[in-house]
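Enquirer: Below: one structure in structure tokens.
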Amino acid sequence: MQLYTTCQGCGKHIVLKSNAVTRPELRKRVGEYVEIACSHCFIKEQVHINDIIARPSGVILWSAMILGLVLAFYLWWTFNIFSLISLGLPFLIWRNQAKKTHTFNDYKIY
Ligand SMILES: [Zn+2]
């Protein structure tokens, strides 16, 4: 899962480096407002944590897909079996990411 916000100056996405899984957890770590500097237009702004949005991490999804494929080929070449588990692994990781982002985005702080 990756956390990001949109820059008010240029509209580009700014990724927030945090491994908080929920919004309350993020508040505990960084407070209610986060100072973020845009790397495109160099504007510094205070962003409310309700404006921080979670999305599935592309790196994790791609890693899961590659790992699943490698595992599938390995099982096929070594044991001559086709394992649905190896192909199910990326799906499970994708579902887990989707669930985490949904949980994060649904919870707003008032
Ligand atoms: Zn900007």
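Enquirer: Taking R0 as 22 Å, what FRET efficiency do you get between Lys99 and His48 from their Cβ-Cβ distance, rounded to the nearest 0.05?
Expert: So, using R0 = 22 Å, E works out to roughly 0.35.
Enquirer: Right, something else. What is the distance in Å between the Cα centres of the stretch 17-64 and the stretch 84-110?
Expert: After rounding, the separation between the Cα centres reads 17 Å.
Enquirer: Okay, moving on. Check cross-link reach from Lys100 to the lysines: straight Cα distance under 27 Å, and skip same-chain residues fewer than eight apart.
Expert: Lys12, Lys17, Lys28, Lys108
Enquirer: Something else: According to a simple spin-label model (label point 7 Å from Cα along Cα-to-Cβ), what is the distance in nm between Ile60 and Val15?
Expert: Those two pseudo-labels are separated by 1.3 nm.
Enquirer: Have a look at Ile14, Ile52, Ile81 and tell me which one the Gaussian network model of the chain (Cα, springs below 10 Å) gives the largest fluctuation.
Expert: Ile81
Enquirer: Here's another thing I want to ask about it. Given axes a ≥ b ≥ c from the Cα gyration tensor, I'd like to know whether the chain is rounded (a/c under 1.5), prolate (a/b larger than b/c) or oblate.
Expert: Verdict is prolate for the chain.
Enquirer: For Tyr107 and Leu71, FRET efficiency with R0 = 25 Å and r from the beta-carbon atoms, rounded to 0.05? Before the final figure, lay out each step's value.
Expert: On the way: r = 34 Å, r/R0 = 1.37.
Approximately 0.15, to the nearest 0.05.
Enquirer: Right, here's the next one. Can you list the chymotrypsin sites (Phe, Trp or Tyr not before Pro) in the stretch 20-89 that are in a DSSP coil and have 16 or fewer other beta carbons within 10 angstrom?
Expert: Answer by residue number: Phe42, Phe82.
Enquirer: Convert each backbone phi in the stretch 38-50 into a coupling constant with the Karplus relation 6.51 cos²θ - 1.76 cosθ + 1.60 (shift: θ = phi - 60°), then list the ³J(HN,Hα) values in order as whole Hz, x for Gly and Pro.
Expert: Working through the residues one at a time gives 6, 7, 8, 10, 6, 7, 9, 9, 8, 10, 6, 5, 5 Hz.
Enquirer: Compute a Gaussian network model of the chain, connecting alpha carbons closer than 10 Å, and tell me which residue from Val70, Val21, Val47 fluctuates the most.
Expert: For the chain, modelled as a Gaussian network with Cα springs under 10 Å, the answer is Val70.
Enquirer: Helices from the chain with mean Kyte-Doolittle at least 0.5 and a Cα length along the axis of 27 Å or more, per DSSP H: which?
Expert: Numbers: long enough: 58-79 (31 Å, 1.87); 84-106 (32 Å, -0.13).
Span-like helices in the chain: 58-79.
Enquirer: Let me ask you something else. Enumerate the aspartates and glutamates that Lys99 could reach by cross-link, defined here as Cα to Cα under 18 Å, with residues fewer than 8 away along the same chain left out.
Expert: Once the sequence-local aspartates and glutamates are set aside, what remains near Lys99 is Glu25.
Enquirer: Is it possible to state the helix-based mean residue ellipticity at 222 nm for the chain, with each DSSP H run of 4+ residues giving -39500 (n - 2.57), the sum divided by total residues, to the nearest 500 deg cm²/dmol? What is it?
Expert: Calculated at 222 nm, the ellipticity per residue is -16500 deg cm²/dmol.
Here, each number is a calculation from the coordinates, and none is a lab measurement. In this text the structure is predicted, and so the values were computed from the model without any measurement. Neighbour counts run over all protein chains shown; Cβ positions are idealised from the backbone, glycine included.
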